[in-house]
1. Rounding to the nearest 20 debye, state how big the charge dipole of region 90-185 is about its Cα centre with +1 on each Lys and Arg Cβ and -1 on each Asp and Glu Cβ.
2. Suppose each label sits 7 Å from its Cα in the direction of the beta carbon; what would the Ala50-Leu66 distance come out to in nanometres?
3. For region 88-228, just the Cα set please: Rg and Dmax, both in angstrom.
4. Of Lys121, Lys181, Lys163, which has the largest mean-square fluctuation in a 10 Å C-alpha GNM of the chain?
5. Take the alpha-carbon positions of region 13-173, form their convex hull, and give its projected area averaged over all directions (one quarter of the hull surface) in nm².
6. Cross-link partners among lysines for Lys121, C-alpha distance below 23 Å, same-chain residues fewer than 8 apart left out?
7. Would you mind working out the magnitude of the charge dipole of the chain relative to its Cα centre, with +1 at each Lys and Arg C-beta and -1 at each Asp and Glu C-beta, to the nearest 20 Debye?
8. Roughly speaking, what is the stretch gain from Met73 to Ala186, that is 0.36 nm per residue apart minus the C-alpha to C-alpha distance, in nm to one decimal?
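All of the numbers you see were taken from the coordinates with simple rules; none came from a lab. Predicted, not measured: the structure shown is a model, and the values here were computed from it. Cβ: placed from backbone, ideal geometry, glycine included. Neighbour counts: every protein chain shown.
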Amino acid sequence: MNAYYISILQGSLLTVAVSLCSLVVAVVLGLLGAGARLSGRPVPMAIGAAYTTVIRGIPDLVVMLLVFYGGTMGLNHLMEALGSKRSVDINPFAAGVLTLGFIYGAYMTETFRGAILAIPKCQAEAAWAFGMGRTQTFLRITLPQMVRYALPGFTNNWLVLIKSTALVSLIGLKEMTYISKQASAATRSPFEYLLFSAGLFLIFTSVSLYVLRKVSARYSLGTRRGQL
């Protein structure tokens, strides 16, 4: 195995790191967004609806470039306005993680919102009647069932998120897609290294599917298939 393959394998670790960190951001934003949309209050509902509508309607690449280049320009203009001559550069890893998390937080919002709406309201009402608070009801009644209903959509969002990490190569982050392109340009053998990178993505998504199917089976114990 030549040095380029080893570099791509090393870059794949960065790809996994970007994916997992972005997922954490997306889940947090998804829960907050779903809570806002289901709050019954006009202002949070409007903010949640605007977030999901706007972000899902703009291409991921455009959002990525806006955050990285637009954010850098905005921060530098702000520093100039404050009288500072220092320039600010946004870290590509942080920009990639926050952008992907922000984008897929919108998709997670709809996934979690749909999952919560699938749970009969009478269950929460019964928990309140037994003296449970809203937090206790969410943790013991709503959350376990929400996970089961949300897993199909969550799985799809996660698989797309993994593949979308290739976009961070455009802002200079040296993950495996970036290294594959550099190796292809250096050796003039584009298919060899890009196919290797594609194979690694396939391994990641296949492992993810296997794990999430196991999780789905665990949360589906005691339910009928027709209810999933």
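1. The dipole magnitude comes to about 60 debye.
2. Computed distance between label sites Ala50 and Leu66 equals 1.3 nm.
3. 20.5, 69
4. The residue with the greatest mean-square fluctuation here is Lys121.
5. Orientation-averaged projected area of the Cα hull: 11.7 nm².
6. Qualifying lysines at Cα under 23 Å: none.
7. Value, rounded to 20: 720 debye.
8. Extending this stretch completely gives an extra 37.5 nm.
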